[in-house]
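Readers should treat all values here as calculations from the given coordinates under stated rules, not as data from a laboratory. What you are looking at is a predicted structure, and each value in this text was computed from that prediction instead of being measured. Glycine gets a Cβ as well: all are built from the backbone with ideal geometry, and neighbour counts include every protein chain shown.
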Amino acid sequence: DQQVKQNSPSLSVQEGRISILNCDYTNSMFDYFLWYKKYPAEGPTFLISISSIKDKNEDGRFTVFLNKSAKHLSLHIVPSQPGDSAVYFCAASAIKAAGNKLTFGGGTRVLVKP
Amino acid sequence: NAGVTQTPKFQVLKTGQSMTLQCAQDMNHNSMYWYRQDPGMGLRLIYYSASEGTTDKGEVPNGYNVSRLNKREFSLRLESAAPSQTSVYFCASSRQELTEAFFGQGTRLTVV
């Protein structure tokens, strides 16, 4: 049973518009959340994170929103650019768990059309 | 900056063969991890090492063994490869609790 789920396997958006990626989790022990971006033939790279004590974190064009009561987080990319075309993974961790283990969702493939 | 280095990048094995995937990091990180990526499954944790001298099972450890050789190096061994182990393997490391993990470029393994 997947503890972190990304229900949209793919997303297509026009350049300049907003991309919204969603992620749901089931484990109430998760209290730290991250988004990773992955290009083909490369390893995932860290994008942005949020702690459960916050409900929003912003970094340039990227904003992550956390709704703890709904066990839901989302990543907004505004404005979307062609270079944002990649697979995005949502990940979650529990502070008290040893080793900072990350549990990943299945990924959402984003295509930004020029 | 090398970061996390994995070798080899590609490998084809026959069923029953053994091999070791190598991973080294030069960031002085305490924790290291092995993940596998399969289509639609995201990245699943195979084994991790919270600190030098310790290793623990992750979500999908069956068929694998690991060695934390020193603080820099963390290897993953397949003793008897099976087609179900065809996957892309990623090594990662992190400095401490709650910091992001840094990933290597991956090893694409095919077992025929």
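Loop sites by DSSP among the trypsin sites (Lys or Arg not before Pro) of chain B, restricted to those with at most 11 other Cβ atoms within 10 angstrom, leave B:15-112 as the longest stretch without any of them. Annotation: extensible slack from A:K56 through A:Q3 equals 16.9 nm (criterion: 0.36 nm per residue apart, minus Cα-Cα distance). Taking amide H positions as modeled 1.01 Å from N, with prolines and chain starts lacking one, the residues under 5 Å from B:G106 and 5 or more places away or on another chain are B:Q6, B:C91.
Taken one residue at a time, the phi angles of the stretch B:68-78 give Karplus couplings (6.51, -1.76, 1.60, θ = phi - 60°) of 9, 5, 6, 5, 7, 10, 9, 10, 10, 10, 9 Hz. Gly and Pro are set to x.
From the Kirkwood radius over Cα pairs of the stretch A:31-114, Stokes-Einstein at 25 °C and 0.890 mPa s returns a whole-number translational diffusion coefficient of 181 µm²/s.
Note that the stretch A:103-111 has calculated 3J(HN,Hα) couplings of 9, 9, x, x, x, 10, 8, 9, 10 Hz, one per residue in order, obtained from phi through the Karplus relation 6.51 cos²θ - 1.76 cosθ + 1.60 (θ = phi - 60°); glycine and proline are x. Among the lysines of chain A, pairs at least eight places apart or on separate chains and with Cα atoms under 21 Å apart come to 22. Taken over chain B, the alpha-carbon convex hull comes to 93 cubic angstrom per residue.
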